[in-house]
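**Student:** Take this structure, written in structure tokens, and hold onto it; I'll ask about it next.
The numbers here are math on the coordinates, done by the rules we state, and not lab data. Keep in mind it's a predicted model, so treat the numbers as computed, not measured. Methodologically, a virtual Cβ is constructed for each residue, glycine included, from the backbone with ideal geometry; neighbour enumeration extends over all protein chains shown.
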Amino acid sequence: MITDYLPLHSRKQRVLCVTLFVNAVLLAMASRFVGLNTSASAMPEGFYWRMAPHPARGQAVEVCLPHAIAQFGIERGYIGHSWRCPDGSEAVGKMIAGMPGDTVTVDPAAVLKVDSGGRPLQHFPFGPYRLKAGEIWLYGSARNSWDSKYYGSVQMANVIADLSPIWTWGAR
């Protein structure tokens, strides 16, 4: 039994240790189905169900950004590292604002010139853009959301999960 290998002297200590171990394993397994959003730039902070992806306009999704965009985000500190995306970058949680065939517009009034660190921000060209087959446009409701207005459309195949709130806090 596992408790035979633990340097614990009382039954109570062994039960506590095994209970903590079992809970850690269950938590690790649950991370496949439950995600934590800690950035309020796209949707409220909180816990979200992670479900099979079925991208639709208005759907909250978890997306792996294309490698070059993800690397830029990591260098700037917008996203971190994670095991969810093939290139080791952290997936982002955003809303889908546009689907294939939709026309989206990048409005200069919606684009920040510099980020919170005072560094210049590149943006997608201003004006209308018609989404091609397989492309989606990502949106975050906060003014400072790093989304498609900065990096353009993303392939629908990059969506790794639909997100549905379980428990959230903060306004949005």
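**Student:** For the condition small (G, A, S), in contact (Cβ under 8 Å) with a residue 60 or more places away in the chain and out of contact with any Cys (no Cβ under 6 Å at 6 or more places or on another chain), what is the one hit in S141, S153, S148?
**Tutor:** Working: S153 fails: in contact (Cβ under 8 Å) with a residue 60 or more places away in the chain; S148 fails: in contact (Cβ under 8 Å) with a residue 60 or more places away in the chain.
None of the others qualify; the one that does is S141.
**Student:** For the stretch 132-151, which residues satisfy the criterion of being farther than 16 Å from M43 by Cα and surrounded by fewer than 19 Cβ atoms within 10 Å (Cβ to Cβ)?
**Tutor:** So the first thing to find is which residues in the stretch 132-151 are farther than 16 Å from M43 by Cα, and the list is 132-136, 149-151.
The answer is K132, A133, G134.
**Student:** Considering only the stretch 109-150, state which residues are among the hydrophobic types (A, V, I, L, M, F, W, C) and not in a loop (DSSP other than H, G, I, E, B).
**Tutor:** Our first condition is that a residue be among the hydrophobic types (A, V, I, L, M, F, W, C); within the stretch 109-150, this holds for 109-112, 114, 121, 124, 126, 131, 133, 136-138, 142, 146.
Selection gives A109, A110, V114, I136, W137, L138.
**Student:** Scan the stretch 87-108 for residues that are over 28 Å from T168 (Cβ atoms) and assigned to a strand (DSSP E or B) and jot them down.
**Tutor:** T103, T105, V106
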